[in-house]
Structure formats: structure tokens, C-alpha cells
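Asks: This is the structure, below, for whatever I ask next.
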Amino acid sequence: MKSELESIVGETPGVSYELIIHRFTGSDLSAPRVYIQAGLHADERPGVAAMHYLILMLQKAESEGRLLGSLTLVPHANPIGAAQHMFGEHMGRFSTGTRVNFNRDFPVPGEDSIRNLDAAGSATFAERRLKSRLLDLADECPIVLDLHCDDEGVQYIYAPERLWPEMADLAACLDCEAALLWNAGSDRAFEEAAYEQMVAKAKGGDLAGHCVTTVELRGQNDVDPALALKDAEGIYRFLHGRGVVAPDVRPAPVLRKDFVGKPIRHVDMVLAPVGGTILFHVAPGDRVEAGQMVAEIITDPGRECGIVAIQAPQAGFVLTRRIRRFIRMGDNLLKIIGDEPAVASRKGALED
Ligand SMILES: [Zn+2]
């Protein structure tokens with residue numbers, strides 16, 4: 001493994017960020033190239049913890065001569081967001097300098113089909129140069145994993161509809177509980193930009209063997225040694241299956257019996273009708289029926305009319321729920337994958 005430290009110059013004198021890049025060179029040029037990053041939303045740590053164990057496993061495979069494909073790994077993909085604290089609280093989802101979500105607004109090809117990436121020395125914000133560099137690093141890799149997490153949630157992945165069900169091997173290896181399949185834009189998230197790159201470069205339009213995904217490794221507080229090791233082993237198994245690491249005799253994983261794979265238009269974003277204190281009656285992974293009470297919000301403690309019940313809009317599977325128990329009117333309370341489409345079509349990301 002070779003490690004490099006790249007500098008991303010800040011916008012003001014005396015400020016600079018460091019991006020750590022680990023590279024493994026495989027022995028078989030025909031094996032897939034892989035790019036994996038974690039911590040793009042800097043307040044999401046399950047992926048960073050999984051990368052710790054994964055890197056150790058890959059180093060072992062390398063030392064045993066079992067590494068076939070080459071890998072580029074960026075375990076701390078967002079040193080800018082990692083440094084953002086305000087009044088003692090970490091703020092890692094949005095850039096405080098530009099108010100842009102760190103996983104939105106990645107460069108996409110213009111009408112001339114040329115992606116205008118911002119070079120390291122461009123007179124643009126550091127966040128923009130970082131995004132361009134991350135896309136650069138993923139370029140030419142048919143396998144791209146972007147490790148994230150939700151507030152509180154089951155483990156699930158996003159996948160372009162065109163790469164499904166081929167990508168079900170990743171879901172099975174990770175022991176994922178659900179997949180959301182998309183075919184329209186997601187507000188220029190990293191996954192979408194990397195996918196466009198793949199489509200543009202695929203020979204004859206053939207995307208066989210490709211995989212690009214945002215992996216949601218459960219919730220923000222699901223960071224412990226057992227989960228991190230399980231996730232690292234899942235990714236490692238997937239790399240085995242895709243021929244990146246020399247295969248062994250372990251049986252191929254299969255999808256869970258209760259796995260839920262649906263187009264993204266099935267997602268019901270349940271919003272809080274009032275602000276207040278949340279009492280959840282369901283948890284991620286639960287199955288709910290139409291009209292079932294999923295939560296209550298206390299608005300006026302001690303009064304009978306001071307609590308508002310929220311029902312499931314349709315039967316489905318609880319994917320995620322809010323981590324904080326105080327909520328504003330209009331904030332997202334739960335995501336439920338409905339048995340039926342929640343909307344006729346859905347363009348753009350599920351949330352800001
Ligand atoms: Zn995220």
C-alpha cells in the first residue's frame with residue numbers, strides 16, 4: 001500500500017487541508033479497479049470505522065499476493081467538513097462557507113459533454129476543488145463505493161436502476177436490508193456524477209461489471225467494533241466476488257429473505273405536521289400497515305389535545321427515522337418504503 005497526503009489550499013492565508021489517499025496496485029491488469037471513500041458527510045462515521053478494518057484486510061491480501069485489482073481508498077474524504085465546529089457542535093453535512101451540501105453539486109458534463117473540473121490551483125472555493133479531486137480519483141474505476149449513513153436507519157444502498165439486479169451481490173455481501181433504485185438526477189450527488197462518468201466511458205454502452213453506489217451504513221450512532229468489522233468483511237466479500245481479491249472457497253452470500261428492493265419513487269417522506277417532542281412507535285426495519293400510528297409529537301405537555309399522532313400513509317417498510325427527538329413542523333420524521341409508489345416520479349435527492 002502506498003499512501004499520499006495531498007494538500008487542499010484553503011481560501012484564506014494560513015489555511016490548508018490534507019487529503020489522505022491510499023493506493024493498492026493489483027497484479028492483474030484485467031481485474032476491476034476500485035474506488036472507495038468514506039466521510040464525505042463529515043458527521044457520518046460508520047464508513048470511516050469500516051474502512052479501518054477493510055484497509056487492514058487489504059494489506060494482508062496484498063502481503064499474501066492475493067490482490068488482483070487496484071484500489072484507491074480515501075477514508076477521510078472531507079477534511080474541510082471535519083474541521084467545521086460551531087459553539088462546540090460538529091457541523092459536517094453542509095459547508096458553512098457556501099451553505100452547499102457536501103454531497104451535492106458535483107461537477108457534471110456540460111452541453112459539450114465535457115466535465116469542467118476545478119484544478120487544484122483554480123480560483124474556486126476549497127470545497128469545490130475537493131469535489132473535483134474526489135471525482136478525479138474515482139475516474140476509470142468501474143467499482144465506486146461512497147460510504148455514508150442516515151440519522152437512524154437500517155443498512156441500505158442506492159443503485160442506478162440500470163445496474164440492478166447485478167449490484168444485488170453488494171447488498172447480499174453487506175447483509176443490506178433494502179435498496180433504492182434511481183434513474184433520474186439526485187441533485188448532482190457524488191454517486192450520480194461518478195455514474196455519468198462511467199456511462200460516458202463505457203465501451204459500446206456496456207456497463208456489465210460496473211457498480212456505483214451510496215452505501216448507507218445504518219445510523220450516525222451505529223459506530224462500534226462489531227458493526228465496523230462486519231461492514232468491512234461485507235465489502236471484502238464483495239471484492240472477492242468481483243475478482244478484485246483472489247477468491248477463496250467461501251459460499252456466495254445471498255440476499256436476506258426480507259430484503260426490500262424498490263424504485264426510489266416508493267419512498268414516503270413522512271414530515272412532521274407540528275413541531276415538538278417525538279415519541280416514536282416504530283423503528284427502522286419494522287413493517288407497518290396503512291394507517292398504523294408510527295409516532296406522536298408532544299406539542300403541549302399535560303393536555304389531552306397536546307399530542308399529535310402520525311399515521312403511516314400506506315403499508316411498507318420503515319427505512320430510517322430522525323435521530324434527534326425534537327422536531328420542527330415540516331422536518332422529516334421517517335422514511336418509509338411503501339409497497340406502492342408514493343409519488344408518480346421522483347427527481348432529485350430525497351432531502352437537502
Ligand atoms: Zn451522507
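Asks: When all C-alpha to C-alpha distances in the stretch 265-338 are sorted into bins of 5 Å, what percent of pairs does each bin hold, rounded to whole numbers?
Replies: Per 5 Å bin, starting at 0, the Cα pair percentages come out as 4, 18, 30, 24, 15, 6, 2, 0.
Asks: For the stretch 202-352, build the charge dipole from Cβ charges (+1 Lys, Arg; -1 Asp, Glu) around the Cα centre, then report which of 277, 292, 209 sits farthest towards its positive end.
Replies: The Cα lying farthest towards the positive end belongs to 209.
Asks: Given Cβ point charges of +1 (Lys, Arg) and -1 (Asp, Glu) and nothing else, what value in debye, to the nearest 20, does the dipole of the stretch 2-257 about its Cα centre take?
Replies: Taking the Cα centre of the stretch 2-257 as origin, the dipole is about 460 debye.
Asks: If you take every DSSP beta bridge fully contained in the chain, what fraction is antiparallel? Give it as a percent rounded to 5.
Replies: Close to 65 percent.
Asks: Another question, if that's okay. Roughly what angle does helix 190-201 make with the longest principal axis of the chain, taking Cα atoms, 0 to 90 degrees, to the nearest 10?
Replies: That works out to roughly 40 degrees.
Asks: Based on the alpha-carbon gyration tensor of the chain, what equivalent-ellipsoid semi-axes (square roots of 5 times the eigenvalues) come out, in whole Å, largest first?
Replies: Working through the eigenvalues yields semi-axes of 34, 25, 20 Å.
Asks: I would also like to ask the following. Report the FRET efficiency, 1/(1 + (r/R0)^6), for residue 287 and residue 187, where r is their Cβ-Cβ distance and R0 is 45 Å, rounded to 0.05.
Replies: According to the calculation, E is roughly 0.90.
Asks: Another question, then. According to the Cα gyration tensor, what semi-axes, each the square root of 5 times an eigenvalue, does the equivalent ellipsoid of the stretch 1-81 have, listed from largest to smallest in whole Å?
Replies: 27, 14, 10
Asks: In deg cm²/dmol, rounded to 500, what helix-only [θ] at 222 nm does the chain give when every DSSP H run of at least 4 residues adds -39500 (n - 2.57) and the total is split over its residues?
Replies: Rounded to the nearest 500, the figure is -6000 deg cm²/dmol.
Asks: Please work out the FRET efficiency for the pair residue 124 and residue 303, using the Cβ-Cβ distance as r and a Förster radius of 45 Å; give the result to the nearest 0.05.
Replies: That pair, residue 124 with residue 303, gives E of 0.25.
Asks: To the nearest Å, what is the center-to-center distance of the stretch 272-293 and the stretch 112-154, using C-alpha atoms only?
Replies: Each part's Cα centre sits 35 Å from the other's.
Taken together, the values in this text are just the output of simple stated rules run on the coordinates, not laboratory data. Here the structure is a predicted model, which means the values were calculated and not measured. When we count neighbours, we look across all protein chains shown, and the Cβ atoms used for this are built from the backbone with ideal geometry, even at glycine.
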